[in-house]
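Accompanying notes for the structure given below.
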Amino acid sequence: MELSEILARCDHTLLSVTATGEEIRNLCDEAIEYGCASVCIPPCHVPGAKKYLAGRVPVCTVIGF
């Protein structure tokens with residue numbers, strides 16, 4: 001299995017409650033670059049990430065983690 005096939009099945013994740021908008025945008029950029037399955041981020045960053053990604057990578061979150 002190629003690395004790109006593995007990454008396409010992995011979520012790129014940053015769940016720190018202190019994550020900044022800039023850190024989330026960097027995570028999104030990396031997910032695009034590496035072809036990740038999605039970005040998994042704190043709920044408060046979902047609207048901004050969704051707008052920033054504009055459908056290029058799915059956004060997922062966790063609640064009560």
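Laid out as a table, the results:
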item	result
Residue in the stretch 29-40 that is more than 17 Å from Ile6 (Cβ to Cβ) and part of a helix (DSSP H, G or I) present	yes
So Ser4, is it polar (S, T, N, Q) and not in a loop (DSSP other than H, G, I, E, B)	yes
Identity of the residue in the stretch 1-11, of a type in the set (Asp, Glu) and loosely packed, with under 11 Cβ neighbours inside 10 Å, that ends up farthest from the chain's Cα centre (by Cα)	Glu2
Some residue of the stretch 45-55 being assigned to a loop (DSSP other than H, G, I, E, B), of a type in the set (A, V, I, L, M, F, W, C) and surrounded by 14 or more Cβ atoms within 10 Å (Cβ to Cβ)	no
First in the stretch 48-61 and on the phi < 0 side of the Ramachandran plot and of a type in the set (Phe, Trp, Tyr), second anywhere and open to solvent by 50 Å² or more (accessible area, probe 1.4 Å) and not in a loop (DSSP other than H, G, I, E, B), Cβ under 7 Å, 6 or more apart	Tyr52/Arg25
Whichever residue in the stretch 12-44 is open to solvent by 80 Å² or more (accessible area, probe 1.4 Å) and not polar (S, T, N, Q) and, among such residues, is modelled with the lowest pLDDT	Val17
Boolean, Ile63 is touching a helix residue (DSSP H, G or I) at 6+ places or on another chain (Cβ under 8 Å) and open to solvent by 50 Å² or more (accessible area, probe 1.4 Å)	yes
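The values are calculated or read from the model by the stated rules, or taken from the named source; none is laboratory data. Here the structure is a predicted model, which means the values were calculated and not measured. Because the Cβ atoms are built from the backbone with ideal geometry, glycine has one as well, and the counts that use them run over all protein chains shown. Surface accessibility is based on the protein's heavy atoms, side chains included, excluding ligands, DNA and RNA. Shrake-Rupley method; radii C 1.70, N 1.55, O 1.52, S 1.80 Å.
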